[in-house]
Amino acid sequence: MRALRRFTVRAQLPAPLAPLQTLATNLRWSWHPPTQDLFAGLDHDAWERAGHDPVRLLGEISTSRLGELAKDADAVVTVRELADDLESYLTEPRWYQLEREEDPTLPAAVGYFSMEFGVSEVLPNYSGGLGVLAGDHLKAASDLGVPLIAVGLLYRSGYFRQSLSLDGWQLEHYPVLDPQGLPLQLLADADGTPVLVEVVMPGERVLKARVWQATVGRVPLLLLDSDIEENEPDLRGVTDRLYGGDQDQRIRQEILVGIGGVRAVRAFCAVTGHPTPEVFHTNEGHAGYLGLERIRELQVDDGLSFDEAVAAVRAGTVFTTHTPVPAGIDRFPVEMVRHYFSAGATDGSTAAARTDSALLPGVPLDRILALGAEESQGMFNMAHMGLRLAQRANGVSRLHGQVSREMFGRLWSGFDAEEVPIGSVTNGVHGHTWEAREVTALIGGPDDEAVAAAVPDESLWALRSTLRARLVAEVRRRVREAWLQRGASTPELSWTDHIFDPDVLTVGFARRVPTYKRLTLMLRDKDRLRDLLLDPARPVQLVVAGKSHPADDGGKALIQEIVQFADDPAVRHRIVFLPDYDMSMARYLYWGCDVWLNNPLRPLEACGTSGMKSALNGGLNLSIRDGWWDELYDGANGWAIPTADGIDDPVKRDDLEANALYELLATQVAPAFYDRVDGIPSRWVELVRHTLTTLRPQVQATRMVHEYVEDWYAPAARAATRVNADSFGPARELAAYRRRLDKAWPHVQVIGVDASGLPDTPEVGAPMTVRAAVDLGGLSPEDVTVQAVVGRVGDTDDLADTVTVAMEHVGAADGHGDRFESVVKLPHAGLTGYTVRVLPAHPLLASSAELGKVVLAG
Ligand SMILES: *Cc1c(COP(=O)(O)O)cnc(C)c1O
């Protein structure tokens, strides 16, 4: 008989074991080995049956075993000690609390919004790098005591699970998750009634969602779930899958996570007394509607106009863009946005209601649409809205910051790319999550540089060999599983016990399969790859994994190509494709691979984090210099595959880069691994040691979260406090300034530039006086900054390596306008040019480029 419905009943724990409930539901166990050991030790078989999931484990352990444990004094003491340890982790002052004593302007709380969160495989609510990064961000914030409130959606089926058909085609499965069986708690108000968040949908309908709370150490993660009886059937499905539906599904999800998400945060703070966020961190455009809800709040609750509310919201918002791939940017047809945001306005409504957004009453629809405008009319661009609603924006590696400044430069036309106000914070990874416990045991934490430096070569090599052997066992297990799923039977599979070799150089390549990551670059010259795999003296073994988006048949064809290559009995002991890449598999790969391969089309990898996780364990990166590797490769921590990114012909480019990859493997990587003295590859061990001592500290997520706190959250909190002071007086003033600016700007003009101040013998350092007359179009001199810009010029008159100097207002010009003047020291030898420009100036702006306004002389 098949069950009609399924649900999970939670176990009743005997009193002495009651703290297990908290230890199982707070996800801190996932990066705390002693707690993992406790669960494993309660009942080893049940732990295996439960797939190393503590919540499931508590349902698997028999009542009699629980009874035994409750009488086992040692077990009870361990439970109590670990519960106490967790309690102090959750309550003791950590880095942030100490910082905040010194600097009370640090925000009381920060809202962190993302469409996906990969905290642990027991909560499969992510598809790839973006989600896992968000998970690592929360964990590092927890370790540092940073008061985040995270917000996302709970997907009924998460992302898909991947298996393979017999001929290597990706198959997708969508197992249904029961929230009761997950480490989640329903957010309820004081009398136990579940909180319901509502957003208005077209057709006078209301989308409702309950709010599940996951607890990531000290950080609450609120996940909205539309699958409740209060919703009409099609609206129940809004949160059914991550990246699964059509555009309608997608915009509903984004409305729910953004607008519903802010409402969930308000409810959470009201119920728990948690401080409310002073700063909101939008990750990718997806959650950008959160800014609109905050505008609505300010308009309705505080009587601000739209423009004044924008000024207040911008100050406290940080926007992070996570991809330079245009297809990765969310865009909706303007008509669709109009349809959703005018929801609720009926024919009988007043004129005001018709132009307002009824999803967001009071917020003018035309202003919403303007926030997402892009050059091609007809599309609403979520990243553009993100940038327009955030005073601070960043990319996720130094190179990605640069690429983003170019990519979004049109929003700041008139400015050179380097002046576009988008910075960068290089991503990091959570050490306690991704580092094998043996690494920490041998060399201590990332700051114990001296310990790692002093560990003998033999021990370091033994560590690497242990981790590789564990991966080999896992590869054999998974390949066998995969073949059983593909339809093979046990007697045919004895060969899988002998694939891979714990002593062979092991290379890993695992990631999602969008085109730019070039999964099949390694297959460019199949004979050459075969030679590398089968080299009698210096063989290489290659483990590959990754999911293709279900709608991307091109990606699935690439997977099939790899699978069919790896199915060949001649090489199947040296190359495998492991289906269903997820956090539980990833861990073994990062621990055990000697080399982590990455060959994206530069510069399309925003950061990449898998190579960082490998480096935590002494893996060496072999990668195109893209994303993080562009800034952290130092010549002695791995290898850089030379990129041919100037070459436009993609076939030629792939050939060149594949060739370089084979060359490096054959002539550099394999020799370093196989050249041994007394059994130890000393050159290799040196590379590993260098990676562990210098790279490991730099790739930590705590380093990343530090940077976010100091350079982004704290300035945003200060800016928000400033504009919100005196009943939003400064926000009103800033909005009035922008209005004045908008009106005057078309009339602002540099009337004349006087170069009579050029020195007689211009040499480097000589002073040059620049004088300009400017028509301020009705603005006052304090409303602007007038700058002299001096730099090199080439064949064109484009200025490079510029120096800018603010010019002083020295009075009215003859006739009309104002005179400005400054003395500039000539910065460079050679052909030099200069110009004068006018920019907005206001103490509440973060940069003079912020508003995208500039008037150039001439
Ligand atoms: C780290 C990680 C990723 C992201 O890896 P990239 O190098 O950014 O592609 C994807 N999936 C899982 C399971 C991960 O752990």
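Listed here are the residues, each with its yes/no results for (1) over 35 Å from the mean Cα position of the chain (by Cα); (2) buried (at least 18 other Cβ atoms within 10 Å of the Cβ); (3) in contact (Cβ under 8 Å) with a residue 60 or more places away in the chain; (4) farther than 20 Å from Ser848 by Cα.
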| site | (1), (2), (3), (4) |
| --- | --- |
| Thr693 | no, yes, yes, yes |
| Gln700 | no, yes, yes, yes |
| Ala716 | no, yes, yes, no |
| Ser727 | no, no, yes, yes |
| Ala735 | no, yes, yes, no |
| Arg738 | no, yes, yes, no |
| His747 | yes, no, no, no |
| Val750 | yes, yes, yes, no |
| Asp754 | yes, no, no, yes |
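Once the stretch 579-594 is narrowed to residues that are among the aliphatic types (A, V, I, L, M) and surrounded by fewer than 24 Cβ atoms within 10 Å (Cβ to Cβ), the residue that is farthest from the ligand (Cβ to nearest atom) is Met585.
Condition check ((1) in the same structural domain as Pro569 (by TED's automatic domain parsing); (2) of a type in the set (Val, Ile, Thr)) across all residues:
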site: Val396; (1), (2): no, yes
site: Gly401; (1), (2): no, no
site: Glu419; (1), (2): no, no
site: Gly423; (1), (2): no, no
site: Ala454; (1), (2): yes, no
site: Asp457; (1), (2): yes, no
site: Ala469; (1), (2): yes, no
site: Arg486; (1), (2): yes, no
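Of the helices (runs of 4 or more DSSP H) lying entirely inside the stretch 28-116, those containing at least 1 residues that are more than 27 Å from His274 (Cα to Cα) and touching a Phe, Trp or Tyr at 6+ places or on another chain (Cβ under 8 Å) span 33-42, 44-49, 54-60. Scanning the stretch 484-519 for residues that are away from the ligand (no atom under 16 Å from the Cβ), modelled with pLDDT of 95 or more and not in a loop (DSSP other than H, G, I, E, B) returns Leu484, Gln485, Leu493, Ser494, Trp495, Thr496, Asp497, His498, Leu505, Thr506.
Each row is one residue, and each column tells you yes or no for (1) under 27 Å from Leu290 (Cα atoms); (2) in contact with a Pro (Cβ under 8 Å, 6 or more places away or on another chain); (3) not hydroxyl-bearing (Ser, Thr, Tyr).
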position: Glu99; (1), (2), (3): no, no, yes
position: Pro107; (1), (2), (3): yes, yes, yes
position: Gly135; (1), (2), (3): yes, no, yes
position: Ser142; (1), (2), (3): yes, no, no
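Filtered by the rule that a residue be hydrophobic (A, V, I, L, M, F, W, C), away from the ligand (no atom under 14 Å from the Cβ) and touching a helix residue (DSSP H, G or I) at 6+ places or on another chain (Cβ under 7 Å), the stretch 106-139 gives Leu106, Val110, Phe113, Met115. Highlighted here are the helices (runs of 4 or more DSSP H) found entirely within the stretch 618-707 that include at least 3 residues which are under 24 Å from Pro536 (Cα atoms): 650-664, 670-674, 682-690. Quick check on the stretch 490-514: of everything there that is in contact (Cβ under 8 Å) with a residue 60 or more places away in the chain and of a type in the set (Val, Ile, Thr), which residue is surrounded by the fewest Cβ atoms within 10 Å (Cβ to Cβ)? Among those residues, the one meeting the criterion is Ile499. Which of the residues belonging to the stretch 603-627 are away from the ligand (no atom under 11 Å from the Cβ) and without any contact (Cβ under 8 Å) to a residue 60 or more places away in the chain? Matches in the stretch 603-627: Ile624, Arg625. The listed residues are Val774, Val764, Val789, Val805, and the only one of them that is assigned to a loop (DSSP other than H, G, I, E, B) and of a type in the set (A, V, I, L, M) turns out to be Val764. Screening the candidates Leu597, Leu632, Leu665 for the property of being more than 13 Å from the ligand (Cβ to nearest atom), surrounded by 24 or more Cβ atoms within 10 Å (Cβ to Cβ) and among the aliphatic types (A, V, I, L, M) yields one hit, Leu665. In the stretch 553-576, the residues that are in the same structural domain as Trp495 (by TED's automatic domain parsing) and outside any helix (DSSP H, G or I) form Cβ pairs under 9 Å with partners that are at pLDDT 95 or above and aromatic (Phe, Trp, Tyr), at six or more places apart or across chains, as follows: Pro569/Trp495; Val571/Phe565; Arg572/Trp495; His573/Trp495; His573/Phe500; Arg574/Phe500; Ile575/Phe565; Val576/Phe500.
The values are calculated or read from the model by the stated rules, or taken from the named source; none is laboratory data. Everything numeric here is computed off the predicted structure, so don't read it as measured data. All Cβ positions, glycine included, derive from the backbone under ideal geometry; neighbour counts span all protein chains shown.
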